[in-house]
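Q: After the structure tokens below, expect a handful of questions from me.
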Amino acid sequence: MDKQSLANPGIGKNYNHKEHEEKIYKSWEESGAFKPRPYSLKHKAYSIVLPPPNANAPLHYGHAMYTVEDVLIRFHRMKGFSTLWLPGADHAGFETQVVYEKHLEKIGKSRFDFDRDTLYKNIWDFVQKNRGTMESQLRRLGFSLDWTKAKFTLEEDIVKTVYKTFKKLYDDGFVYRDIRLVNYCTKHGTAFSDLEVEYVEKTSKLYFVKYKIEHSKDTITVATTRPETIFGDSGIAVNPKDKRYKKYVGKNAINPLNGRIIPIFADSFVVMDFGTGALKVTPLHDENDFELGKKHNLKNFQVIDFRGKLTKEAGEFEGQKAITARDAIAQKLKNEGNLEKIEEFKNSVGTCYKCGNPLEPLPLEQWFIKTNELAKPAIKAVKKGQIKIIPKRFEKIYFQWLENIKDWNISRQIVWGIRIPAWKNTKTGEWVVTEGDAPRGADWVQDTDTFDTWFSSGQWPFATLLSKNENAKKPNAKSLYKKYYPLSVMETGYDILFFWVTRMVMLGIFATGKVPFKTIYLHGIVRDSKGQKMSKSKGNVINPLEIVEKYGADALRMSLIAGAGAGNDQNYSEEKVRGYRNFANKIWNATRFVSNLEKTNDKNLPALAGPKLQNSKTQNDFNKKLNKIINEATKYIESYNLNQAAEIIYDNFWHWFCDKCIEDSKRGRLSASDLKYGLEVFLKLLHPFMPFVTEVCWQNLKNNSLLINQSWPSMDKWPKI
RNA sequence: GAUCGCUUAGCUCAGCGGUAGAGCACUUCAUUCACAUUGAAGGGGUCGUAGGUUCAAAUCCUACAGCGAUCACCA
């Protein structure tokens, strides 16, 4: 305890967030303040659905950016809207399974030790536990979410909606099943969509391998980074314009590893000045080769299996890891005089974003969604202004992606997720898609795969609002869907624009015929104090709850909103948070001053000589200025310039209201009633940003009402400027 | 290869057509005063470079440089 506190015990000169925050949150929640007020013509709907955090882990610092949503919700609630802010949790299929498998690893087990149902149930329990942690953290941040409407992506009614959408996509011809080369992680045992592949620049070896021409002494040299796939070669391609190789087109070459006779053919796909200008074609282990193989009717040989090991096609190398066998195979080629040289060069290798191992392109039968026709209305919706993207520069990125979209592989070979409602007839091989129920008869077996998580979260805006047996095209009169869909805003990080936002627009329009939300607000990434992305492996992760504990949620929230515009990254700064903690204290003390004025009955205090000062020049200026601040702050929030709103309120409260007006009141130039009115206005303006301290202060001034339910300051009280 | 963003005070960043801003840091002063988690005063920037548009440019346009990001290709 310092000297100051010893001298003034118990007076509470400093705002202590720990004393208030949890209590205040409880009082809001218990009062029902988070529930939307009855929807009516007067109280128009305003709705946001929280991007559901993964249910497998505590919150990370980026989640605190959802403060943006709380600001918008609290602002609109005070403006009189019927505001719905719906929380939820995402089962996060693959992500969660990886987290859970790490947990299993620690106790010396693996996913193979359990049958499907047991594994699913165990992960379910694991997730429920973490979900609770995550939700209590959202409360600590002060988010005014309507917890009575919380959803989970694996709940029965959500799954039902996801099934309906899939069935409709299937019936309308948007879903097909095909054997294609997919991006497969042999460690995690599942395929990914193209979007999930992480390309890493690496220095690789380029092997120049000689193939003999059949019935000739000539050889043709090809360049490859993957000699171990030579066992699967079924052709050599050259460019039709390439004079060097014209004479070989139509002839055959001999595979140097297994002696197989393979055709040499021409295709303009081949780039003449890369490598030797001759390309070995391995249809089952390279996507381009797969296309070439189909086009030229080449044979298919699978050399690598789903565990990443060489198959019997590899002869003596069978059973070895494909990657580690590479050197030995190169050595064999060299020993037999078929390796011309090895060069080093840089290329990017598609890797698993979780384990970093190279992904193996492997042939697998999967469910795909044709995205081309789904993308068109999504593009149109933004072009026509039915959806507005903030900041605007992301529109271009949005268009670019949707205009070049590829079909979407939605099958995942994992247990944790929504199992695909497709059944195969064991006798006829026929596939049937249903809305979840097994088809009649005994010969149907359900697909063991689950949906890509983004397929279900892509339906989140309407799936959360529809009730179990409701149809989006014919909603129930009183349903949430009818009142709150389309959502007013979808607010999320720009890093999941492609993964999530575009998919929500495509699936939303497809399933409901309406855009899922009117505005997309994209926030930036919070990096560490040096500008590095926070990551567990770097060990630079900052736990937002520790900051809340130390400085209060208000300080953390304000630090994230002020000083960073939409879509811009920001660096974490403890000094900044501390600065806003000090600001909370400033608010506290200004309130202490004003409420003491009120409680004192000392008529000699100049500040209480209010009535005499009516219509004085000072008061007039005071009103004008206050009015101007309300006006600007409101405009800034309504135009999504939250940082500017926060900054002008902060600046004017501290350096005008506290430094000037309070001092004026001490000198009798401003009445106590004016001062109190001004403080109330500022508490309201600050409330969306710093809800806890403003609520505490409000209750110090007016004991029996909640600030959260007050009206936003009106600009009509004083004459327009 | 394409696209996007950033470059403003020592540091971190707002501002994005109308006399250079904030926080932190720094200098000086003030403490029985709502608040030292404070107040007052002050120092510090030709707003990346070069052109252009404009009565007026940190702000719009064009090039260039450095940094960062995303997408595509990669035998």
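Q: Among the residues of region A:257-280, is there at least one that is basic (Lys, Arg), in contact with a strand residue (DSSP E or B) (Cβ under 8 Å, 6 or more places away or on another chain), farther than 28 Å from A:Lys346 by Cβ and away from RNA strand B (no atom under 16 Å from the Cβ)?
A: Pass one, region A:257-280, residues basic (Lys, Arg): A:260, A:280.
The next check asks that each one be in contact with a strand residue (DSSP E or B) (Cβ under 8 Å, 6 or more places away or on another chain); those that pass are A:260, A:280.
From what's left, farther than 28 Å from A:Lys346 by Cβ: A:260.
Okay, now just the ones that are also away from RNA strand B (no atom under 16 Å from the Cβ), so A:260.
The answer is yes; a qualifying residue exists.
Q: Which of the residues that make up region A:185-220 are surrounded by fewer than 22 Cβ atoms within 10 Å (Cβ to Cβ) and within 14 Å of A:Val349 (Cβ to Cβ)?
A: Correct list: A:Val197, A:Glu198, A:Tyr199, A:Val200, A:Glu201, A:Lys202, A:Thr203, A:Ser204, A:Lys205, A:Leu206.
Q: Here is a follow-up. In region A:507-532, how many are within 19 Å of the chain's Cα centre (by Cα), surrounded by fewer than 20 Cβ atoms within 10 Å (Cβ to Cβ) and away from RNA strand B (no atom under 16 Å from the Cβ)?
A: Counting residues in region A:507-532 that are within 19 Å of the chain's Cα centre (by Cα), surrounded by fewer than 20 Cβ atoms within 10 Å (Cβ to Cβ) and away from RNA strand B (no atom under 16 Å from the Cβ) gives 2.
Q: Also, quick follow-up: Can you confirm whether region A:554-565 contains a residue that is touching a Pro at 6+ places or on another chain (Cβ under 7 Å), not in a loop (DSSP other than H, G, I, E, B) and not acidic (Asp, Glu)?
A: yes
Q: So which strands (runs of 3 or more DSSP E) are wholly in region A:336-455 and hold at least 3 residues that are in contact with a Ser or Thr (Cβ under 9 Å, 6 or more places away or on another chain)?
A: A:339-352, A:360-369, A:388-390
Q: Can you name every residue in region A:561-601 that is among the small types (Gly, Ala, Ser) and either within 7 Å of RNA strand B (Cβ to nearest atom) or touching a Cys at 6+ places or on another chain (Cβ under 7 Å) (or both)?
A: Step one: of region A:561-601, the residues among the small types (Gly, Ala, Ser) are A:562-567, A:573, A:579, A:584, A:590, A:595.
Across region A:561-601, the qualifying residues are A:Gly563, A:Ala564, A:Gly565, A:Ser573, A:Gly579, A:Ala584, A:Ala590.
Q: Let me ask something else about it. So A:Ile342 fits all but one of (1) crowded, with 18+ Cβ neighbours inside 10 Å; (2) of a type in the set (A, V, I, L, M); (3) in contact (Cβ under 8 Å) with a residue 60 or more places away in the chain; what number is the exception?
A: (1)
Q: Let me ask something else. Give just the number: which of (1) within 15 Å of RNA strand B (Cβ to nearest atom); (2) loosely packed, with under 14 Cβ neighbours inside 10 Å; (3) under 20 Å from A:Lys212 (Cβ atoms) does A:Gln331 not satisfy?
A: (1)
Q: Look through region A:603-640, keep the residues that are within 12 Å of RNA strand B (Cβ to nearest atom), surrounded by fewer than 18 Cβ atoms within 10 Å (Cβ to Cβ) and not in a helix (DSSP H, G or I), and return whichever of them is modelled with the lowest pLDDT.
A: A:Leu605
Residue by residue, here is whether (1) more than 30 Å from the chain's Cα centre (by Cα); (2) buried (at least 19 other Cβ atoms within 10 Å of the Cβ); (3) at pLDDT 95 or above holds:
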{"residue": "A:Tyr46", "(1), (2), (3)": "no, yes, yes"}
{"residue": "A:Val68", "(1), (2), (3)": "no, yes, yes"}
{"residue": "A:Gly93", "(1), (2), (3)": "no, yes, no"}
{"residue": "A:His103", "(1), (2), (3)": "no, no, no"}
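Q: Let me ask something additional. Looking at A:Lys217, A:Lys212, can you tell me which residue is under 30 Å from A:Gln331 (Cα atoms), away from RNA strand B (no atom under 12 Å from the Cβ), in a strand (DSSP E or B) and among the charged types (D, E, K, R)? Before the answer, list the steps.
A: Working: A:Lys217 fails: in a strand (DSSP E or B).
Of the residues listed, the single one that is under 30 Å from A:Gln331 (Cα atoms), away from RNA strand B (no atom under 12 Å from the Cβ), in a strand (DSSP E or B) and among the charged types (D, E, K, R) is A:Lys212.
Q: Could you check A:Lys202 against (1) part of a strand (DSSP E or B); (2) away from RNA strand B (no atom under 16 Å from the Cβ) and say which number it fails?
A: (2)
The values are calculated or read from the model by the stated rules, or taken from the named source; none is laboratory data. None of these values were measured; they are calculated from a predicted model. Using ideal geometry, Cβ is built from the backbone for each residue, glycine included, and neighbour counts are taken over all protein chains shown.
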